[in-house]
1. Checking Leu29 against (1) closer than 18 Å to Met179 by Cα; (2) buried (at least 19 other Cβ atoms within 10 Å of the Cβ), only one condition comes out false. Which one?
2. Quick one: in region 116-132, which of the residues that are in contact with a strand residue (DSSP E or B) (Cβ under 7 Å, 6 or more places away or on another chain) and among the aliphatic types (A, V, I, L, M) is farthest from Leu183 (Cα to Cα)?
3. Restricting to region 162-195, name every residue that is surrounded by fewer than 19 Cβ atoms within 10 Å (Cβ to Cβ), of a type in the set (D, E, K, R) and modelled with pLDDT under 90.
4. Would you check which residues across region 67-84 are part of a strand (DSSP E or B) and under 30 Å from Pro100 (Cα atoms) and list them?
5. Please determine, by comparing only the residues of region 80-130 that are more than 16 Å from the chain's Cα centre (by Cα) and hydrophobic (A, V, I, L, M, F, W, C), which one is surrounded by the fewest Cβ atoms within 10 Å (Cβ to Cβ).
6. Just give me the residues in region 67-123 being closer than 21 Å to Lys27 by Cβ and charged (D, E, K, R), in sequence order.
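The values are calculated or read from the model by the stated rules, or taken from the named source; none is laboratory data. All values derive from a computational prediction rather than experimental measurement. Note that each Cβ is placed from the backbone with ideal geometry, even for glycine, and that neighbours are counted across all protein chains shown.
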Amino acid sequence: MNNNQQVEFTTPSAANIDISTYLENIKQLIKKERETDQTVVLHSDEEIRNKYFSSIVAVFDNKIIWNSSIYPTHMKPLDNLILDWKKIRVWESWSVIIHPDFRWHWLWRKLTTASFETFFDKYDIIVGATVNNIMFTLRTHQWFENIPFPKELYEEWKKYLAPFMGGWDLEFQERAKCMMYNLNLTEQQKTELINILQKEYVINLI
C-alpha cells in the first residue's frame, strides 16, 4: 500500500456512497470473498439495503474493502430481553465482509472499534455468530465472549451455511460459535442471560 493512500473508516452516507452504489459494492465484495470461502452468506438486495444506515465501511482507493453492520436483533429470546428487571438493547453483528487482499488484523480492530463507537449509545450487547475460525479468533481479541447459541439464530445460520459445509450438521455443529460483546451488562445480568439461553439453545457450543 502506498503510504499516501489511507484507509477511511466511515458510514456509507458520510462517505457520500448512495444506497444503490453501496448495494453493488457489497455484492461484489461478497462475490470476491466467496471465491475463497463458500460459507460467506449470500444476502438479498433488500437485506443489504436495509443495513445501509447501520454500517461502517473501510474505503480504500474509492472502493469498499470492508463492511461491518450491526442492527437491532429480531431473534428470540434476544429481541425482547429483560434482565434484572431491565430491558436490554441487543444488536446483532451482520455481514462482516472483507476483501481477501485486505485481511489485516489492524484493519479488523479499527473497523470494529469504529462500529462500536458509532453506535455505542444504541445497544447494551452485540451478539454475533460465526463458523469462521479466523473471525472467531479476531472477535476473541476484541473481547467477545462465547455464549450459548439462541435457538432461532442457530437455525437461521444452519439454514444458510450447512449446505456449503462437507459434513452438513456435524461440521456446522463443530465450527459454529455464538459470541457476545458486552457494553453494559453486570455479572448478575450475564449469569441470568446464560440461564435463559440454556433453555433456548439447540446444542451447547461453548
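1. Only one criterion in (1) closer than 18 Å to Met179 by Cα; (2) buried (at least 19 other Cβ atoms within 10 Å of the Cβ) is unmet by Leu29, namely (1).
2. Ala129
3. Listed by number, the residues that qualify are Asp169, Glu171, Glu174, Arg175.
4. Correct list: Asn67, Ser68, Ser69, Ile70, Tyr71, Pro72.
5. Trp85
6. Glu92, Asp101, Arg103
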